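Down below is the structure, laid out as structure tokens.
The values are calculated or read from the model by the stated rules, or taken from the named source; none is laboratory data. What you see is a predicted model, and the numbers here were worked out from it, not measured in a lab. Cβ placement follows ideal geometry from the backbone for every residue including glycine, while neighbour counts extend to all protein chains displayed. Note: accessible area is taken over every heavy atom of the protein model, side chains too, but ligands, DNA and RNA are not part of it. Shrake-Rupley method; radii C 1.70, N 1.55, O 1.52, S 1.80 Å.
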Amino acid sequence: MGLSDRDFIRYSRQILLPECGEAGQVRLGQSRIAIVGCGGLGCSVAHQLAAAGIGHISLFDGDTVELSNLPRQLAYDDRDLGQGKAQVLAARLAHQYPGGTLSAAGAITAENVDSALAGNDLVLDCCDNFATRHRVNASCQRLNLPLISAAISGFEGQLLLVTPGEGPCYQCLYPEDTQSAGNCAAQGVLGPAVAVMASMQALLALQLLLGMDYAAGRLLRFNGLSLSWHEARLEPDPLCPICALRLGTSKTPDSQVIPQGRKNHVDHSV
């Protein structure tokens, strides 16, 4: 099915791009994505992707809106305090962009993760804790789903694409016993720094959905103080317990391989 006249006008600037065109816009309208976490990253990513014409967006977050969220989580205001983030965000975006479908649910758990993510074309990790990040990563490996993970704390951000069968997974980079350097509640963050990482995550998502090439295993790190980017190329951990079977290796209990550069990486969350 093609675009309506109204949709052709609405998305005309995207359609002008040769990488998109009318066929690409139709593809976006047929795409299904899951966004895990509706905080500073998630609410901005969801807003941008809904505006771009993604057909179905599933939002997952068990938190409620707090006053300290408002300077960087721009989808919410004082009227939303105490309400569920995912539910508020879904209702707001559905009103603003009625062409797509938005659904809202609570937190991702070990019991619901596979059923929650199954059937999507792409998963975006915008959450704020290691446990959920690892849970989502493992599920994406099982379901063969591409995963875009982003994080920001202080003035430092990071972006990683995880593609099953290509490059490392999130567990390769951050084993489950990794200690976080902190989050926004402990270290602080500026709203524009969050918006930078959210925009990069949304941009990468659109590129993937449009069939554009992007190499897995590239860790992009953003320094908001110097306004600079650093790229590191990562290798899979052959002893990773999550993707070892995919790599044709198995984990030995008393040994561990740390890919070059991983020791210096710390996780950030918003």
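Summary of values
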read-out	value
Relative contact order for the chain, counting Cα pairs under 8 Å that sit 6 or more residues apart, in percent	19 percent
Cα centroid separation, segment 1-18 to segment 43-121 (Å)	25 Å
0 to 90° range, to nearest 10: angle between helix 85-96 axis and the chain longest Cα axis	30 degrees
Simple Cβ-charge dipole of the chain, Lys/Arg +1 and Asp/Glu -1, about Cα centre, in debye nearest 20	280 debye
Rounded accessible area of D61 (nearest 10 Å², 1.4 Å probe)	20 Å²
nm² value of the averaged projected area, convex hull over the Cα atoms of segment 86-202	8.2 nm²
Per-residue [θ]222 nm for the chain (sum of -39500 (n - 2.57) over DSSP H runs n ≥ 4, rounded to 500)	-10000 deg cm²/dmol
Computed accessible area, T64, all protein chains, 1.4 angstrom probe, square angstrom	60 Å²
Dipole magnitude of segment 55-99 about its Cα centre (Cβ charges: Lys, Arg +1; Asp, Glu -1), debye to nearest 20	140 debye
Pairs of Cα atoms farther than 20 Å apart, segment 68-133, %	40 percent
Surface accessible to a 1.4 Å probe, per residue, for the residues of the chain, Å²	47 Å²
Contact order normalised by residue count of segment 81-219, Cα under 8 Å, 6+ apart, percent	21 percent
Top of A216, A23, A118 by mean-square fluctuation, Gaussian network on the chain, Cα under 10 Å	A23
Ratio Rg/Rh [Cα only; Rh per Kirkwood] for the chain	0.96
Span per principal axis, largest first, for the Cα atoms of segment 1-112 (Å)	41, 33, 21
Folded to 0 to 90 degrees: helix 191-209 orientation relative to the chain principal axis, Cα	90 degrees
Sulfur and carbon atoms: percent of accessible area, the chain [1.4 Å]	53 percent
The chain: angle of helix 130-143 to the longest principal axis, Cα-based, in degrees nearest 10	80 degrees
Test item: Cα-centred dipole of segment 101-145, Lys/Arg +1 and Asp/Glu -1 on Cβ, debye	80 debye
